[in-house]
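One structure is given here, and the rest of the page talks about it.
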Amino acid sequence: MTATATAPAARRQRRFNIEKWGWLFMRGSGVLLIVLIFGHLFVNLLAGDAGIHVLDFAFVAGKFATPFWQWWDVIMLWLALIHGANGMRTIVNDYVQSPGIRKTLVWALGLAAALLIVLGTLVVFTFDPCNGVFEDGAMWEACQALAN
C-alpha cells in the first residue's frame, strides 16, 4: 500500500475587484440617473407654468437659489460624469492594445472627469445671478431688490 500525497486546495485570494465594482456602479448609477434625469425634465418642462418658453436665466437662477435643486443637479452631474468616464474606461480597456497608451487614456479620462466634476460643482454652489450685472442690464432692478 502506497501513500499518495495530495496538495491542499488552493486558497482563493480575496482582493478588491475594480471591474466588479465598476459593473455594479454602472447598474446602480444608471437606475438613479434615470430617476434624476426624468425628474429634472418633468420639473423643467411639464410642472406648473413650465415649458420650453419659460426656461431662461431667471428660471435657472430661481432653481439654483434652493439647496434641494443645487444638490439634485450636483448629484446628477457627478453620477453622469463618473458613469460616462467609467463607460469610456471600459471601451478603452476593450479596444486599446498597447498597455502604455491604455494607461495614458484611462488617466486622461479620470483627470477630465475630475476636472469637470470640480468645475461643475463650483458653478452650482457659487452661482450668483447678480454677479456682473450692470445698471443698464435687464436684471439690475431684481438684483437691487435682492441686495436690499
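The values are calculated or read from the model by the stated rules, or taken from the named source; none is laboratory data. Here the structure is a predicted model, which means the values were calculated and not measured. Here the Cβ is made from the backbone with ideal geometry for all residues, glycine too, and neighbour counts use every protein chain on show. For accessibility, only protein heavy atoms count, side chains too; no ligands or nucleic acids. Shrake-Rupley method; radii C 1.70, N 1.55, O 1.52, S 1.80 Å.
So here's what we get for this one:
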| quantity | calculated |
| --- | --- |
| Label of the coordinate-derived value, semi-axes √(5λ) of the Cα gyration tensor in Å, listed as [x] 37, 17, 14; [y] 50, 18, 14; [z] 39, 17, 11 | [y] |
| Contour excess over end-to-end distance, with Cα ends at W69 and R14 and 0.36 nm allotted per residue | 15.7 nm |
| Inter-site label distance for V106 and F25 at 7 Å from Cα along Cβ, in nm | 1.2 |
| Axial C-alpha extent at least 24 Å, average Kyte-Doolittle at least 0.0 - helices from the chain (DSSP) | 18-41, 67-95, 99-125 |
| Gaussian network model of the chain, springs between alpha carbon atoms under 10 Å - residue of D128, D56, D136 with greatest fluctuation | D136 |
| Label-zone membership for region 67-94, site V35, 7 angstrom Cα→C-beta point, backbone N under 16 Å | 69, 71-80 |
| Solvent-accessible area of I101 with every protein chain in place, 1.4 Å probe, in Å² to the nearest 10 | 90 |
| Relative contact order (%) - the chain, alpha-carbon pairs under 8 angstrom, separation at least six | 22 |
| Surrounding net charge for R102, when Lys and Arg each add one and Asp and Glu each subtract one, Cβ distance under 11 Å | +1 |
